[in-house]
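Asker: This structure is in structure tokens; I'll ask about it shortly.
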2 protein chains.
Amino acid sequence: VTAPTRFSLQYSEYWRHNTGLTFGIKALLHSERSPFQHVEVYETDAFGHMMTLDGVIMITDYDEFVYHEMIAHPALCLLQDAKRALVIGGGDGGAAREALRHPSLTRLDLVEIDEAVVEAAKRFFPQLSASFGDERLKLHLVDGTAFVKEAPKGHYDFILVDSTDPVGIAEGLFTREFYEACRSLLTPRGVMVVQSESPFDPVNGHVVKDVRRLFESLFPIAETYLASTPSYPYGLWSFTLGSRSLHPLRDYDAEAAHRSPFADELRYYTPQVHTAAFALPAFVRQLLSE
Amino acid sequence: VTAPTRFSLQYSEYWRHNTGLTFGIKALLHSERSPFQHVEVYETDAFGHMMTLDGVIMITDYDEFVYHEMIAHPALCLLQDAKRALVIGGGDGGAAREALRHPSLTRLDLVEIDEAVVEAAKRFFPQLSASFGDERLKLHLVDGTAFVKEAPKGHYDFILVDSTDPVGIAEGLFTREFYEACRSLLTPRGVMVVQSESPFDPVNGHVVKDVRRLFESLFPIAETYLASTPSYPYGLWSFTLGSRSLHPLRDYDAEAAHRSPFADELRYYTPQVHTAAFALPAFVRQLLSE
């Protein structure tokens, strides 16, 4: 059966008013209302498979490498010898895949509230969910805010928060209480990274500043960095890094990062990109200082 | 008269297949078939005024600062004391506005083939076209490829090519012949910068490589740099810099750039951003080395 030629299916994610990204859609591959959210997977005409949660684009085959490399490697290459990592959210497995490239890691706890995300990733994004087969990964299908209250103090070298936008189920992942709980789980050298929305976004752009402020009040070192993400609003995404002792630029060993065994496998992150990502455009510096 | 509520007007620019950016439109302010192209100006719901040429987005109020700052300041801050500049294309005045911030400039020749672009900019983008009031600017309403054949050799410290995509009238602005002619107009210290499309673009991404190759064959120093442009395809844009003697990183004086009288007025470019812009993601380095 061939599709009729008199319609075209398009998915538009509106960033503001009627403005945003439109994807030509070949097929809706999966649609499910989990106990937590609406999980959908599309086959797009130009970005491969695409997963949305409550109608917000999470991952596309075409550009997921940017976000996942950049949420994991700056902190892990700074740490060099991280052993225990905690990933909150990121049930698609992408952030875990990047973290697990680091041979020093002996254990990665992945805490995802929604099993439906894990199952959809296993079925439609095998290049992401392959990390679930790594014996160092332990999956916990529980609420991240509950997990961090119970986890052992001073245990993790690296905590990564790969959340959805700060509304609905992810709201608790953008609070001082949650960040404080995470901080208490870090080793003395520990580093924490969270996604913090787009600085170009007139609606959610305040998150860049809000998270930075919270991190500055909780960590001696707090920095914001950026990456180019075509399928996310405005094409530019921010991450906030909090650290108990290591500075992401002053304590970064570019030579060691160059020598990492997986350096040739990455498609975005390089030691030069590491340093460059922390160079903020003037309007972002302005936003952070307001 | 209020608009009826049963329709919404949207402009979609498709990057590939049915995928691209969609803008909610409040009004079509201007539509004109000039001798060269279709010039339109829209009032968008989220990006202010927007100009399109033959249906391709050129400028929006919201993010024009990124492209215009980044096509002008890296080379001019490298040169520090550029006196004579040539801008090919850029009839909207945005690139000229940024170049003219440099007090060392005594003359800027702006060569735009299409007067309709200049007139539309004057009417709908006064913050761009204000540069036309600068007595150092001389407007030439002629074909750029013809202008560079006639212009005096060794005359310009800086040549900037702010063209449309390499199809139709702009095709001649992406050729070896044109670049050779431009090179002959440069002073011994001269620097040339051209826009060279998005490296994320599977269709036009080869331009990043093609221009770099041509520049490498024509200049002892050829480098590619990037900036985040929300309204351009894939949100990441490339520029190629060719230089007869100055290297954009090794010969760049960040301290001098910090002290420039207009440093506080810029919204994207900073000395840190200058250096960071040349740090290419791994996939871009790969694209350039293929």
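Asker: Restricting to the stretch B:11-37, count the residues that are within 20 Å of the chain's Cα centre (by Cα) and closer than 26 Å to A:Gly24 by Cα.
Answerer: Final tally of qualifying residues: 3.
Asker: Still on this model: Does the stretch B:121-151 hold any residues that are in a loop (DSSP other than H, G, I, E, B) and in contact with a helix residue (DSSP H, G or I) (Cβ under 7 Å, 6 or more places away or on another chain), and which are they?
Answerer: Those that are in a loop (DSSP other than H, G, I, E, B) and in contact with a helix residue (DSSP H, G or I) (Cβ under 7 Å, 6 or more places away or on another chain): B:Leu141, B:Ala151.
Asker: Still on this model: For the stretch B:175-190, enumerate the residues that are in contact with a strand residue (DSSP E or B) (Cβ under 9 Å, 6 or more places away or on another chain) and not in a helix (DSSP H, G or I).
Answerer: Within the stretch B:175-190, B:Leu186, B:Thr187, B:Arg189, B:Gly190 qualify.
Asker: Which residues, counting only those in the stretch B:38-55, are more than 10 Å from B:Gly24 (Cα to Cα) and among the polar types (S, T, N, Q)?
Answerer: Once the filter is applied, which keeps residues that are more than 10 Å from B:Gly24 (Cα to Cα) and among the polar types (S, T, N, Q), the stretch B:38-55 yields only B:Thr52.
Asker: Wholly within the stretch A:1-107, which strands (runs of 3 or more DSSP E) include no fewer than the required count, namely at least 3 residues that are without any contact (Cβ under 8 Å) to a residue 12 or more places away in the chain?
Answerer: Hits in the stretch A:1-107: A:19-33.
Asker: Does A:Ile88 satisfy the condition of being within 14 Å of another protein chain (Cβ to nearest Cβ) and closer than 20 Å to A:Pro166 by Cα?
Answerer: No.
Asker: Quick one: is A:Leu100 in contact with a His (Cβ under 7 Å, 6 or more places away or on another chain), away from chain B (no Cβ under 14 Å) and among the hydrophobic types (A, V, I, L, M, F, W, C)?
Answerer: no
Asker: Here's something else I'd like to know. Looking only at the stretch B:152-181, how many residues end up being more than 15 Å from the chain's Cα centre (by Cα), at pLDDT 90 or above and not basic (Lys, Arg)?
Answerer: Of the residues in the stretch B:152-181, 11 are more than 15 Å from the chain's Cα centre (by Cα), at pLDDT 90 or above and not basic (Lys, Arg).
Asker: Taking the conditions exactly as written (more than 22 Å from A:Thr52 (Cα to Cα), within 14 Å of another protein chain (Cβ to nearest Cβ) and either in contact with a Pro (Cβ under 8 Å, 6 or more places away or on another chain) or open to solvent by 10 Å² or more (accessible area, probe 1.4 Å) (or both)), does A:Glu223 satisfy them or not?
Answerer: Here the answer is yes, as A:Glu223 does meet what is asked.
Asker: Now a separate question. If I filter the stretch B:101-134 down to residues being of a type in the set (A, V, I, L, M), buried (at least 21 other Cβ atoms within 10 Å of the Cβ) and within 16 Å of the chain's Cα centre (by Cα), which single residue comes out as farthest from B:Tyr42 (Cα to Cα)?
Answerer: Filtering first and then ranking leaves B:Leu108.
Asker: Please go through the stretch A:202-211 and give me each residue that is crowded, with 22+ Cβ neighbours inside 10 Å and more than 14 Å from chain B (Cβ to nearest Cβ), ordered by number.
Answerer: Selection gives A:Val211 alone.
Asker: Determine if the stretch B:162-171 includes at least one residue that is closer than 29 Å to B:His17 by Cβ and assigned to a strand (DSSP E or B).
Answerer: yes
Asker: Tally time: how many residues in the stretch B:175-194 are within 17 Å of B:Val208 (Cα to Cα) and open to solvent by 30 Å² or more (accessible area, probe 1.4 Å)?
Answerer: Matching residues across the stretch B:175-194 total 2.
Asker: I'm checking my understanding of the structure. Among residues of the stretch A:68-111 that are among the charged types (D, E, K, R) and out of contact with any helix residue (DSSP H, G or I) (no Cβ under 6 Å at 6 or more places or on another chain), which one is farthest from A:Thr187 (Cα to Cα)?
Answerer: A:Arg101
Asker: While we're here: Take the residues in the stretch B:15-43 that are charged (D, E, K, R) and within 19 Å of B:Pro230 (Cβ to Cβ); name whichever of them is farthest from the other protein chains (Cβ to nearest Cβ).
Answerer: B:Glu43
Asker: What's the number of the condition A:Glu69 fails, among (1) closer than 24 Å to B:Asp201 by Cα; (2) open to solvent by 10 Å² or more (accessible area, probe 1.4 Å); (3) of a type in the set (D, E, K, R)?
Answerer: (2) is the only condition that A:Glu69 fails.
Asker: Here's something else I'd like to know. Please state which one of A:Pro248, A:Pro199 is in contact (Cβ under 8 Å) with a residue 60 or more places away in the chain and more than 13 Å from chain B (Cβ to nearest Cβ).
Answerer: A:Pro248
Asker: Next up: Out of A:Val148, A:Val167, I need the residue that is of a type in the set (Val, Ile, Thr), without any contact (Cβ under 8 Å) to a residue 40 or more places away in the chain and over 27 Å from A:Ala256 (Cα atoms). Which one?
Answerer: Criteria check complete, one pass: A:Val167.
Asker: Let me ask something additional. Can you run down the residue pairs with Cβ atoms below 6 Å, 6 or more apart or on separate chains, where the first is in the stretch B:262-282 and within 8 Å of another protein chain (Cβ to nearest Cβ) and the partner is of a type in the set (D, E, K, R) and assigned to a helix (DSSP H, G or I)?
Answerer: Pairs that qualify, where the first residue is within 8 Å of another protein chain (Cβ to nearest Cβ) and the partner is of a type in the set (D, E, K, R) and assigned to a helix (DSSP H, G or I), are B:Leu266/B:Glu69; B:Tyr268/B:Glu69; B:Tyr269/B:Glu69.
Asker: Right, next: Only one residue in B:Val193, B:Val203, B:Val207 is of a type in the set (A, V, I, L, M) and assigned to a loop (DSSP other than H, G, I, E, B). Which one?
Answerer: B:Val203
The values are calculated or read from the model by the stated rules, or taken from the named source; none is laboratory data. Since the structure is predicted, the reported quantities are computational estimates derived from the model, not experimental observations. Methodologically, a virtual Cβ is constructed for each residue, glycine included, from the backbone with ideal geometry; neighbour enumeration extends over all protein chains shown. Side chains included, ligands, DNA and RNA excluded: accessible areas come from the protein's heavy atoms. Shrake-Rupley method; radii C 1.70, N 1.55, O 1.52, S 1.80 Å.
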